[in-house]
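K.L.:
Provided herewith is a single structure, encoded as structure tokens, for subsequent inquiry.
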Amino acid sequence: MKSIIAKLGEALAADGFVQCEALDRNGEAQPGKRYPRWRHAWFAADIEGLPGVRQAIMASLKLDRDSCVSVFGWAYVMSGVVGQVRAELPIDALESAADGSVPAPVDSVTFGIFRYPQNVSRAKSWVATEADIDNSVVEFMDYVRGDVRDWFGQMSTITDLLARAREPRLSALDRSNPNPERLRAVVILALLAGRVQDVVSLMDWYRDRDQFHDWDSAERVAAFDAAIGVRFPEYAAARLA
């Protein structure tokens with residue numbers, strides 16, 4: 001697995017991604033095992049114009065029973081500052097699935113959703129011998145330089161994020177409601193960027209909805225609205241204006 005990760009690192013470095021520590025709570029390898037059956041390799045790049053926000057690629061490698069290694073990709077937009085602000089808010093102001101991660105995900109998607117939305121596992125490549133590594137890396141980078149690059153491009157500015165906050169996630173089973181984790185992240189980023197009136201408009205629209213994602217509720221939305229008013233007094237003032 002390490003040789004696969006090394007080759008992926010070389011290819012991703014050419015596109016500006018640098019290998020980094022795990023950006024979630026799962027870690028970089030199966031814990032407690034000298035020869036782990038899975039490894040997660042993370043690579044990140046800053047987004048120009050969005051301080052504190054990074055694009056991230058995670059390669060998930062897993063050894064199967066036939067000693068083949070599957071390689072599967074995820075793309076993320078992550079923010080340390082969002083995680084820090086979320087940590088200051090009451091738990092009932094967050095979505096029910098909140099886990100306190102820092103950095104916090106703004107959005108995420110599996111590579112498979114772009115081409116195989118009905119069966120995302122088809123996006124896996126397989127490495128049985130050293131000779132397969134180069135082909136696996138080529139397949140992985142084809143996603144990175146195509147579908148994933150386009151997806152990142154839709155979230156490169158605060159204006160982009162404000163628009164996407166009103167939509168379901170690309171990979172969501174719930175196609176009717178905005179993702180509450182992403183919406184809260186966008187609200188925080190927009191307030192930090194001084195886009196107060198845009199946040200007022202977004203939250204007015206969200207508060208007035210008659211249904212929410214399973215992770216959210218009218219009570220949680222009201223608690224979040226009140227909490228960000230305390231954390232960002234300029235928002236509270238704008239709501240009263």
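The values are calculated or read from the model by the stated rules, or taken from the named source; none is laboratory data. Here the structure is a predicted model, which is why all the values come from computation and not from measurement. Cβ coordinates were reconstructed from backbone atoms using ideal geometry, including for glycine residues, and neighbour counts include every protein chain displayed.
K.L.:
If you check Gly229 against the conditions, is it free of Cβ contacts under 8 Å to residues at least 24 places away in the same chain, surrounded by fewer than 18 Cβ atoms within 10 Å (Cβ to Cβ) and not in a helix (DSSP H, G or I)?
P.N.:
no
K.L.:
A further question on this structure: Go through the range 135-156 residue by residue and tally those that are at pLDDT 95 or above and either among the charged types (D, E, K, R) or assigned to a loop (DSSP other than H, G, I, E, B) (or both).
P.N.:
So the count comes out to 6.
K.L.:
What's the total number of residues in the range 175-206 that are modelled with pLDDT of 95 or more and of a type outside the set (A, V, I, L, M, F, W, C)?
P.N.:
Count: 8.
K.L.:
Right, here's the next one. For the range 32-58, give me the residue count where each residue is β-branched (Val, Ile, Thr) and assigned to a loop (DSSP other than H, G, I, E, B).
P.N.:
Of the residues in the range 32-58, 1 are β-branched (Val, Ile, Thr) and assigned to a loop (DSSP other than H, G, I, E, B).
K.L.:
While we're here: In the range 178-195, how many are over 15 Å from the mean Cα position of the chain (by Cα) and part of a loop (DSSP other than H, G, I, E, B)?
P.N.:
3
K.L.:
Which of the residues spanning the range 57-109 are touching a His at 6+ places or on another chain (Cβ under 8 Å) and surrounded by fewer than 20 Cβ atoms within 10 Å (Cβ to Cβ)?
P.N.:
Selection gives Ser60 alone.
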